[in-house]
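Below: the structure, in structure tokens.
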Amino acid sequence: MSAPGTPYTPDPSSPRGEHLPGGANPLRRPSDRFESWLRRLLLVVLLFGLPVAAYGAGTTVYESSMETVRAQAAERHEITARLTEDLDRDNDASKQLARVSWADEESGGVRTGNALVKAGTDRGASVRVWLDRDGNLTSPPMNTLNAKSSGWLAGGMAAFGVAFGCYAVRSGTRLLLDRARYARWAADWDRVEPLWSARFRG
């Protein structure tokens with residue numbers, strides 16, 4: 001039990017235990033209140049802005065990619081060509097650039113060009129290649145899976161951008177506020193320190 005007058009004697013008039021109303025804490029600086037509100041704002045941005053940005057970016061890229069899919073599907077067609085050379089079976093690559101030939105439906109002649117063919121394919125084998133409207137060799141058209149992948153990638157990047165942006169704003173703001181707090185603390189100490197030191201002199 002504590003003796004009267006000791007530092008541990010509870011003071012009935014002490015405000016300890018009483019709850020101060022919001023914002024009434026005398027030790028809470030304006031910068032603390034600003035930082036608290038900023039954290040809440042960034043949390044709202046993460047909860048609502050992140051999914052909206054991800055969905056918007058993903059949907060936009062997906063729709064744009066689907067337009068490309070439809071356009072390429074209309075402009076390109078697949079035919080059967082003949083491989084005109086033997087390919088190296090010991091090559092580590094899954095496909096090799098090789099010479100192929102095919103019949104030109106418009107002119108009735110034979111055309112040749114270079115296309116990617118599975119490594120180890122024998123000369124004279126049939127290979128499937130893609131042609132554009134002018135009858136030139138081209139790459140396969142985009143498909144729906146490519147469009148979906150592009151959409152998911154864009155949505156993920158947008159979500160990451162929002163999250164990183166919120167983190168950068170919070171970290172940068174806190175760094176600036178801390179610098180201001182330390183500067184103010186140093187200035188206050190420069191005023192108080194001489195008075196404090198004087199208490200221990202002569």
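The values are calculated or read from the model by the stated rules, or taken from the named source; none is laboratory data. All values derive from a computational prediction rather than experimental measurement. So basically every Cβ, Gly included, is an ideal-geometry build from the backbone, and we count neighbours across all protein chains shown. Accessible surface areas use protein heavy atoms only, side chains included; no ligands, DNA or RNA. Shrake-Rupley method; radii C 1.70, N 1.55, O 1.52, S 1.80 Å.
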Q | Lys118 - accessible surface, heavy atoms, 1.4 Å probe, Å² rounded to 10 | A | 140 Å²
Q: Would you work out if region 34-97 is rounded, prolate or oblate? Take a ≥ b ≥ c from the square roots of the eigenvalues of the alpha-carbon gyration tensor; rounded if a/c is under 1.5, else prolate when a/b is larger than b/c, oblate otherwise.
A: oblate
Q | Förster radius 22 Å - calculated FRET efficiency between Trp189 and Ser31 (Cβ-Cβ, nearest 0.05) | A | 0.80
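Does region 44-142 come out rounded, prolate or oblate by the C-alpha gyration tensor, with a ≥ b ≥ c the root eigenvalues, rounded set by a/c under 1.5 and, if not, prolate when a/b is larger than b/c and oblate if not? The partial results should precede the final answer.
Details: a/c = 5.86, a/b = 2.02, b/c = 2.89.
In terms of gyration-tensor shape, oblate.
Take the Cα pairs of region 78-197, get the Kirkwood Rh, then feed it into Stokes-Einstein at 4 °C and 1.567 mPa s and tell me D in µm²/s.
Answer, rounded: 63 µm²/s.
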**Q.** Two-site label geometry, Tyr182 and Arg133: point separation in nm, points 7 Å out along Cα→Cβ
**A.** 6.5 nm
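For a Förster distance of 45 Å, can you work out the FRET efficiency between the beta-carbons of Glu75 and Asp122, rounded to the nearest 0.05?
0.90
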Q | Efficiency of FRET between Glu105 and Phe48 - r from beta-carbon atoms, R0 41 angstrom, step 0.05 | A | 0.15
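Express in nm, to one decimal, how much length is gained between Thr59 and Leu38 on full extension, taking 0.36 nm for each residue of separation and deducting their alpha carbon distance. Provide the component values of the computation, followed by the final result.
Values: separation 21, 0.36 × 21 = 7.56 nm, distance 2.98 nm.
Difference between extended and current length: 4.6 nm.
Would you please name the GluC sites (Glu not before Pro) within region 65-162 that are DSSP coil residues with at most 16 other C-beta atoms within 10 Å of their C-beta?
Details: sites: Glu67, Glu75, Glu78, Glu85, Glu105, Glu106; in loops: Glu85, Glu105, Glu106.
Sparse-neighbourhood loop GluC sites (Glu not before Pro): Glu85, Glu105, Glu106.
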